[in-house]
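Nothing in this text is a laboratory measurement; each read-out follows from the coordinates by a stated rule. Quick caveat, the model's predicted, so the values are computed rather than measured. All Cβ positions, glycine included, derive from the backbone under ideal geometry; neighbour counts span all protein chains shown.
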Amino acid sequence: MAASELACTYAALILHDDGISITAEKIATLVKAANVCVESYWPSLFAKLFEKRNVDDLITNVGSGGGAAPVAVAASAGAGGAAAAAAPAVEEKKVEEKEESDDDMGFSLFD
């Protein structure tokens, strides 16, 4: 991640932590106060992102990969479990490879 992106990210997190609305002007002001040079489009991109997305949701879903799956499971569990019972459990089958031996071939060297 480039320094410009990090500076805008930290500025947005600071604004969110203080309960201040996240705007391009406020991000640019914080970045300028930190003596970080960023391209003029970064603060507006981050401001548009945080208009559409909730910062708390972004923070709690970092690295989850499949954020929609836990929500679906929680929703089905809240529905009385009928949907959970209808969905079969996913099991991973392990395939064990056997080493080949003379016994498996039906003969041995000492017969």
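Quick rundown of the values:
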item: Spin-label zone in segment 11-25 - amide nitrogen under 11 Å from a point set 7 Å from the Cα of VAL55 along the C-beta vector; result: 11-23
item: Radius 12 Å from Cβ of TYR41, net charge of other residues (Lys, Arg +1; Asp, Glu -1); result: -1
